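Heads up, the thing below is written out as structure tokens.
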Amino acid sequence: MSDQAPDENRPDPSGNPPPPSNPSDPTAPTPPPGPGPVPDDQPPSPPSPQQPGYGPQGYTQMPPGQDPWQTYQNPQGTPGWDPSSYQTPAYGPPPGYGPPPGYGPPPGYDPTGYASAGYQLPPGYYAGPQDPLVSADFGGWWQRSFTLLGAVWRSMLQVQLIWAIPLLVVGILTAIYSPDRTVNFDSDTPPEFSDIFGPLFLVLPFALIAVLLTVAGQLATLEVLVQRATGQPVSVGRAMLTGLRRFFPMLGWQIVAGLVILVGLLLCILPGLYVAVVFLILPVIVLLERGQGIGRAFRLVHADFGAAAARLAVIVGLHIAFVLAEGVFSTILAPSSAAAGPGLTVASSVFSVAFSVVTGIVMSPLLLTAYADMRARHEPFSTAYLAPHPGSN
């Protein structure tokens, strides 16, 4: 034991200022007002609309108790839309509400290290029962998906048409030039360069534009849904700019995903099909999580595999139904490809693009809400986490 007297000037290890030696001394320093520093073993406070840096850009926070729908009423003019059935996201559930059974982090998940010290994350980190994207069961997922679809289908249609028109041009040009452009390779009279590459050079620019806009349009459609879910004014132009910014990351991850699927197909086919289903949520991940890709998709799907598999199976089933319906219409329109002229081929291209547009509109909200459910089962998450903050892209 040391005989040294305690140093009065030595700072308190807790970080609090030393108490005055004589409380009655008016010259003694007084501690600053407020609750003092937060102990290191306490979790951070959850995101709140009152905190700086949260809330959509340019979107004024409403005073407590005021309904934001009083100032923001259905910009799309959807017939029969009832704002009371679809609320803007709450930044955390009401006091005392914990993560309901079925969503929230899995048992033993420790994102910040507090669980090992006996602490639990505050309930504000989890989605509440009124969250526009996160649901506790399959029925809630289905209902939220079609609520979003009914709210912003017009905006999604505008985005889809942006990429569908160049794709339609490619189909029409191919239909016009394919029947008449036959090249005969004869040793005596070699074919002309223009006969081989002329149609290709005509179609190639439109094909490249169609690929660019298809990838960007898929991301922009999801961005429109995120805008609506987080209470932002829906803007097709802003959504397309976001899709174009994320084009190259999405293209890169799609190439990697395609190679992984190809390897899986070579390994008895079933692994390739499984990987292809897991990668359905890849566009949502690339849009909303910078630097994340195929590894993140596997983690989210495996967090609660049963719930994820049920949602992804329905999405795949609906996609197959759309493909079969397109095939039936194409067969009715042109029973024989040999007898189909340019007019029927053009009509078939129009039907094919129309089905692609409808498929993209229907599938996008299902994918976004499925991603939200998977993420809420993997880690603390609510729709409020997707709201932009000042300085975000």
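The values are calculated or read from the model by the stated rules, or taken from the named source; none is laboratory data. Fair warning: this is a prediction, and the values are worked out from it, not measured in the lab. Cβ atoms come from the backbone with ideal geometry, glycine included; neighbour counts cover every protein chain shown.
Values as computed for the structure displayed
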item: Given (1) crowded, with 16+ Cβ neighbours inside 10 Å; (2) more than 16 Å from the chain's Cα centre (by Cα); (3) without any contact (Cβ under 8 Å) to a residue 60 or more places away in the chain, index of the condition Leu312 fails; result: (2)
item: Candidate set from the stretch 341-352 (those that are of a type in the set (Val, Ile, Thr) and surrounded by fewer than 19 Cβ atoms within 10 Å (Cβ to Cβ)); member that is modelled with the highest pLDDT; result: Val350
item: All positions within the stretch 353-384 that are among the aromatic types (Phe, Trp, Tyr) and either surrounded by fewer than 21 Cβ atoms within 10 Å (Cβ to Cβ) or not in a helix (DSSP H, G or I) (or both); result: Phe355, Phe381
item: The stretch 355-367 residues that are free of Cβ contacts under 8 Å to residues at least 60 places away in the same chain and closer than 22 Å to Val278 by Cβ, paired with ones that are assigned to a helix (DSSP H, G or I) and not basic (Lys, Arg) (beta carbon under 6 Å, 6 or more apart); result: Thr359/Phe322
item: Residue check for Val301: modelled with pLDDT of 95 or more, surrounded by 15 or more Cβ atoms within 10 Å (Cβ to Cβ) and either closer than 29 Å to Thr242 by Cα or among the basic types (Lys, Arg) (or both); result: yes
item: Any chance Leu213 is surrounded by fewer than 16 Cβ atoms within 10 Å (Cβ to Cβ), at pLDDT below 95 and assigned to a helix (DSSP H, G or I); result: no
item: Residue within the stretch 256-274 that is closer than 30 Å to Arg154 by Cβ and either of a type in the set (A, V, I, L, M, F, W, C) or in contact with a Phe, Trp or Tyr (Cβ under 9 Å, 6 or more places away or on another chain) (or both) present; result: no
item: Wholly enclosed helices (runs of 4 or more DSSP H) of the stretch 263-303 bearing at least 1 residues among the small types (Gly, Ala, Ser) and touching a helix residue (DSSP H, G or I) at 6+ places or on another chain (Cβ under 6 Å); result: 270-278, 294-303
item: Residues (part of a loop (DSSP other than H, G, I, E, B) and at pLDDT below 80) located in the stretch 113-151; result: Gly113, Tyr114, Gly118, Tyr119, Gln120, Leu121, Pro122, Tyr126
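Quick grid of which residues meet (1) assigned to a helix (DSSP H, G or I); (2) of a type in the set (Gly, Ala, Ser); (3) at pLDDT 60 or above:
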| residue | (1), (2), (3) |
| --- | --- |
| Pro106 | no, no, no |
| Leu157 | yes, no, yes |
| Leu173 | yes, no, yes |
| Thr189 | no, no, yes |
